1. Just give me the residues in segment 164-182 being touching a strand residue (DSSP E or B) at 6+ places or on another chain (Cβ under 9 Å) and either part of a helix (DSSP H, G or I) or small (Gly, Ala, Ser) (or both), in sequence order.
2. Could you grab me the full set of residues in segment 240-266 that are within 29 Å of His21 (Cα to Cα) and part of a loop (DSSP other than H, G, I, E, B)?
3. I want to confirm something. Restricting to segment 437-458 and keeping residues that are in contact with a helix residue (DSSP H, G or I) (Cβ under 7 Å, 6 or more places away or on another chain) and free of Cβ contacts under 8 Å to residues at least 24 places away in the same chain, which single residue is most open to solvent (accessible area, probe 1.4 Å)?
4. Inspect all residues belonging to segment 221-234 and state whether any of them is closer than 26 Å to Phe201 by Cβ, of a type in the set (Val, Ile, Thr) and out of contact with any strand residue (DSSP E or B) (no Cβ under 6 Å at 6 or more places or on another chain).
5. Being surrounded by fewer than 24 Cβ atoms within 10 Å (Cβ to Cβ), among the aliphatic types (A, V, I, L, M) and touching a residue at least 24 places away in the same chain (Cβ under 8 Å) is true for just one of Leu91, Leu95, Leu106, Leu86. Which residue is that?
6. Only one of (1) crowded, with 22+ Cβ neighbours inside 10 Å; (2) assigned to a strand (DSSP E or B) is not met by Pro379, so which one is it?
7. Out of Ala120, Ala102, I need the residue that is at pLDDT 95 or above and not aromatic (Phe, Trp, Tyr). Which one?
8. From the list Thr80, Thr100, Thr32, exactly one residue is of a type in the set (Val, Ile, Thr) and open to solvent by 10 Å² or more (accessible area, probe 1.4 Å). Which is it?
Amino acid sequence: MTDVTPGVTKRLAEFAAGISHQSVPADVMERTGMLVMDNVGIALRARHDAESTPALVKGAMALGLDGGKSVAIGDRRGFTPAGAALINGVLAHSLDFDDTHAKASLHPSAPIVPAALAAAEMAGADGEELIPAIIAGYEIQIRLSLALGPSDHYARGFHPTATCGVFGAAAAAGRLFCLDSDQMRLAFGIALSQSAGSMQFLTDGSWTKPFHVGHAAMCGLMAATFAREGYKGAGKAFEGKDGFFQAYAPDPDPAKAVEGLGETWETMEIAVKPYPSCRYSHAALDALIDMRAANDISAGDIESVEVGLPETGWKIIGNPEEDKHNPKSVVDGQFSMAFCAAVALREGGFKWDDYAGHINNSATLDLCRKVKVAVDPKPEALFPDKMSAIARIRTAKGEYEAFVASAKGEPDNFLSADELRAKFDGLVGPYLPMARVDELANRLLGIRKEDDINEVLRLTRPVPTEIPEEVLAAGE
């Protein structure tokens, strides 16, 4: 088999090595600051609230990844750079509340931002260097997924947030280490042997989905670090005959990885989540919540609910129906359209704290089993450009239908500054004093102007009296 689209690795390496705040439009820089704030807020809540966190921290400590100067968000201890990247990457994805890119069908910030933050701490880089590095990571991760064909990649059992994210993480960290294009190619070649992430988690509600995103952040940081020290990675990481494109998808289109590079900014196509569930559920949730409010529908009135999704979304959150009607854990619930619909119809909205009250709630599960999810031609026609949905509610007093082409939080329907700040406050507020919440939010939004990234991240740590020493010692 011959190489495909020669020069992709070289072009992506040159782009990542050469990006700077002068070469990125101001609106892209500004949007990235908003995404960083969202990422940190989610990670901080997950540090305290995700059921997987105690085992994650204990595991990192058992491996000797604590004891350094880097910040694991929300943790009083210092960690090594690799430890911080791993933990922050896992935390950023543990609630499945993090940002998305519809066409690439992945979560950009979860692997990229933690790797970049750890690299910035290592290098003593400032915010003006940090933001373009993150953007380089976004652009490369997203474009690689587009080149693979997300549906084909998923069909092989891969999760592109992680498999593509390791290269974006390497690019972001490499830029902060001031790697030249040749060193950046070495980093991509090293990352090629670290690209992993299996969708098998969907079968049993395991914790591996956020873990392999954190793993991608850590491995990207490692790849850039080893490349900086001269360690040689495989050449032609992307286009080689056994490279990323050929090995990870049956019919890749490598030209998509470099099309419009440095001119069309995929970063501006990143969406943020107002609901803590799989992004494929959000357009339907918008429709159901709006219909409930507009028609004064109570949960007891509902006879049946139908949700139509694009096929890729149905495969992830609609099938198999029996499993989706009987979620046993938060992860199960996040990937059940039926469960998310039931919660939203009972609550009139959907927030992270709703999981605790609904996972084992008999009334919610009864309503969940009235929800039928299927592939619908209308949202399918707009996919993958949009994650659309159509929803119908049948009650004794009438039937209602709504179609949502672009869910709240998508680039053309982005959250306002107040809405994004309200999400941040809701996540962070229970664990930090309000004055600290204000300072942290403002400094994250303005992180481009910060000189010391470590100082900003230390604001996520609890005040000394909040966590007993015996709990800290247990890694909880």
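1. Across segment 164-182, the qualifying residue is only Gly165.
2. Val258, Glu259, Gly260, Leu261, Gly262, Glu263, Thr264, Trp265, listed by residue number.
3. Glu439
4. no
5. Leu95
6. Unmet condition: (2).
7. Exactly one of Ala120, Ala102 is at pLDDT 95 or above and not aromatic (Phe, Trp, Tyr), namely Ala120.
8. Being of a type in the set (Val, Ile, Thr) and open to solvent by 10 Å² or more (accessible area, probe 1.4 Å) holds for just one of Thr80, Thr100, Thr32, which is Thr80.
The values are calculated or read from the model by the stated rules, or taken from the named source; none is laboratory data. All figures in this text were calculated on a predicted structure; none of them were measured in a lab. Because the Cβ atoms are built from the backbone with ideal geometry, glycine has one as well, and the counts that use them run over all protein chains shown. SASA here: full protein model, heavy atoms, side chains in, ligands and nucleic acids out. Shrake-Rupley method; radii C 1.70, N 1.55, O 1.52, S 1.80 Å.
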